[in-house]
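Have a look at the structure below, then the notes.
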Amino acid sequence: MATNDELVARARELAEKAGVDFDPAGKSNRELADEVKALKAKADAADQDDKNPPEPKPDADAEAKAKAEAEEAARLEAEQKAKEQAGAEAKAKANKPKGDRVAKGKSITTKAGIKSEGAVIKASDLGGGAEAFKELKKKGFIE
C-alpha cells in the first residue's frame, strides 16, 4: 500500500483534475486510499465530459418553424375533413326524395300497404285523401 504522502499527492492531483477541493487533514491511510479512488472516478468523468461535449440544443427558430408547420398541416387536414363531410351531407340531401315523409318512430297504413318512418307519402296514398293527410300531419305522423 502507498504511503500517506504518496496518497495525499495523488489525491491533490486528481482533485485538481476533477475541479474539487481536497483536505487530507486527519485522514488515515485507508481513508486516503478511498478518497483517491473516489477522486479518480470524478477525474475520469471530467475527462469524458471534456472529450464528449454536450450536443448543441436545436435552434429555437427551427423548433418554432417545425411547430408552425405541424399546426398548418393539422389545420389543412381539418379543412379537408370538413369539406368531405359537407360534400357527403350535400350528396345525401340531393339523393333524398322530395315530399312529405312519415315521422320518425311512426308508421301509416296506406292503400299500397304500410309505410314506415322516413317513407315519402302523398295524400293520394291515403284512403281518406287530403283530409286524412292533413289530420295525420296535424297529429305529427307526417313531417
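FYI, it's all coordinate maths here, none of it is from the lab. Just so you know, these numbers come straight off a predicted model, no measurement behind them. Here the Cβ is made from the backbone with ideal geometry for all residues, glycine too, and neighbour counts use every protein chain on show.
Quick notes on this structure:
- Number of Lys pairs (Cα under 21 Å; 8 or more positions apart or on different chains) in region 63-123: 21
- Two-decimal Rg to Rh for region 77-143 - Kirkwood Rh, Cα set: 1.20
- In the chain, a dipole from Cβ-located charges (positive for Lys and Arg, negative for Asp and Glu) runs towards its positive end, and of LEU136, LEU7, ALA90 it is LEU136 whose Cα lies farthest in that direction.
- At q = 0.12, 0.20 Å⁻¹, base-10 log of I(q)/I(0) for the chain (Debye sum, equal scatterers on each alpha carbon): -0.77, -1.09
- A Cβ-based charge dipole, computed about the Cα centre of the chain with Lys and Arg at +1 and Asp and Glu at -1, lands at about 2560 debye.
- In order through region 6-11: 3J(HN,Hα) via Karplus (6.51 cos²θ - 1.76 cosθ + 1.60), integer Hz, x for Gly, Pro: 5, 5, 5, 4, 5, 5
- C-alpha long axis of helix 129-139 to longest principal axis of the chain, angle in °: 40
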